[in-house]
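Peer 1: The structure's right below; bear with me while I get my questions together.
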Amino acid sequence: MARNARSAAQGCIFCAIAVRQAEASVVHEDETIVVFMDLNPVTPGHLLVVPRKHAVGLEDLDRVTSAHVWSVGHDMAQALRRSRMGCEGINVLLCDGEAAFQTVFHFHLHVIPRYAGDGWTVKAKSLKRERSLLDSDAQAIKDAIASTD
Ligand code: 5GP
Ligand code: ZN
């Protein structure tokens, strides 16, 4: 059995859509990705850019596929801007991990058109973080970058 069909058989809805075993409103596809309408859009036109290959998140998505997903996300944002949808802005969102609101554990990029007064909000309370803590945060990330070189 092909990889997607196996993941679909194991219950991954996005694998099932990728192999057309599940219904979706597809707007664009190629051999690497499929783009379709989110079933429960936060605004009209909300798209998901989904690699055909099953990967859960950034840790297991290969670089070439990842670059293509982001590039197609850019194309989709432009298409939305130029479309009859009449959107006035775009949010691109990736939820990587449960703590980041991921609910479907097959990598996907949200491309969300925005309309003035559309009511979608991201409530965030910014932290006040002193310089020494910002510096130690920066160092922790620099260490991680150095260890993946
Ligand atoms: P997450 O929170 O994982 O980043 O987002 C998952 C998204 O997938 C949600 O916006 C949800 O509405 C969408 N979704 C879940 N199940 C389906 C489905 O069966 N078909 C489509 N088209 N979208 C889905
Ligand atoms: Zn999958």
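The values are calculated or read from the model by the stated rules, or taken from the named source; none is laboratory data. What you see is a predicted model, and the numbers here were worked out from it, not measured in a lab. Virtual Cβ from ideal backbone geometry, glycine too; neighbours counted across all protein chains shown. SASA here: full protein model, heavy atoms, side chains in, ligands and nucleic acids out. Shrake-Rupley method; radii C 1.70, N 1.55, O 1.52, S 1.80 Å.
Peer 1: If you roll a 1.4 Å probe over the heavy atoms of the protein chains, what accessible area per residue do you get for the chain, in Å²?
Peer 2: Result: 66 Å² of accessible area for each residue.
Peer 1: Right, here's the next one. In deg cm²/dmol and to the nearest 500, what is the mean residue ellipticity at 222 nm of the chain if only DSSP H runs of at least 4 residues count, each as -39500 (n - 2.57), divided by the residue total?
Peer 2: Only helices count here, giving -11000 deg cm²/dmol.
Peer 1: Please work out how much length the chain gains when fully extended from S136 to E88, using 0.36 nm per residue of separation minus the C-alpha to C-alpha distance, in nm with one decimal.
Peer 2: Here the answer is 13.4 nm.
Peer 1: Towards the positive end of the charge dipole of segment 5-121, with charges on Cβ (+1 Lys, Arg; -1 Asp, Glu), say which of L48, S66, V27 has the farthest Cα.
Peer 2: With unit charges placed on the Cβ atoms, the residue in question is V27.
Peer 1: Per residue of segment 137-142, what does 6.51 cos²θ - 1.76 cosθ + 1.60 with θ = phi - 60° give for ³J(HN,Hα)? Whole Hz please, x for Gly and Pro, Karplus curve as stated.
Peer 2: 4, 4, 5, 4, 6, 4
Peer 1: Now for a different question. Scanning the chain for trypsin sites (Lys or Arg not before Pro) in DSSP loops with at most 13 other Cβ atoms within 10 Å, what's the longest stretch left with none?
Peer 2: For trypsin sites (Lys or Arg not before Pro) (loop position, at most 13 other Cβ atoms within 10 Å), the longest site-free span of the chain is 21-83.
Peer 1: Calculate, in whole percent, how much of the Cα-Cα pair population of the chain lies beyond 28 Å.
Peer 2: 31 percent
Peer 1: Moving on to the next point. Could you give me the ³J(HN,Hα) list for segment 67-78, computed from phi with Karplus coefficients 6.51, -1.76, 1.60 and θ = phi - 60°, whole Hz, x at Gly and Pro?
Peer 2: With the stated coefficients, segment 67-78 comes to 4, 5, 4, 5, 5, 5, x, 4, 4, 5, 4, 5 Hz.
Peer 1: Separate question: Taking the Cβ-Cβ separation of C95 and V26 as r and a Förster radius of 30 Å, what is the calculated FRET efficiency to the nearest 0.05?
Peer 2: 0.90
Peer 1: Something else: With the full set of protein chains in place, find how many percent of the accessible area of segment 5-121 is carbon and sulfur; take the probe as 1.4 Å.
Peer 2: Solvent-exposed carbon and sulfur of segment 5-121 make up 53 percent of the total.
Peer 1: Using protein chains only and a probe of 1.4 angstrom, how many square angstrom of D96 are accessible, to the nearest 10?
Peer 2: It works out to around 70 Å².
Peer 1: Which residue, V69, V35, V122, has the most motion in a Gaussian network model of the chain that connects Cα atoms within less than 10 Å?
Peer 2: V122
Peer 1: Given a 1.4 Å probe and heavy atoms of the protein chains only, how would you sort T103, T32, largest accessible area at the top?
Peer 2: T103, T32
Peer 1: Evaluate the distance, in nm, between pseudo-label points positioned 7 Å from the Cα of R129 and of A144 along their respective Cα→Cβ axes.
Peer 2: 1.1 nm
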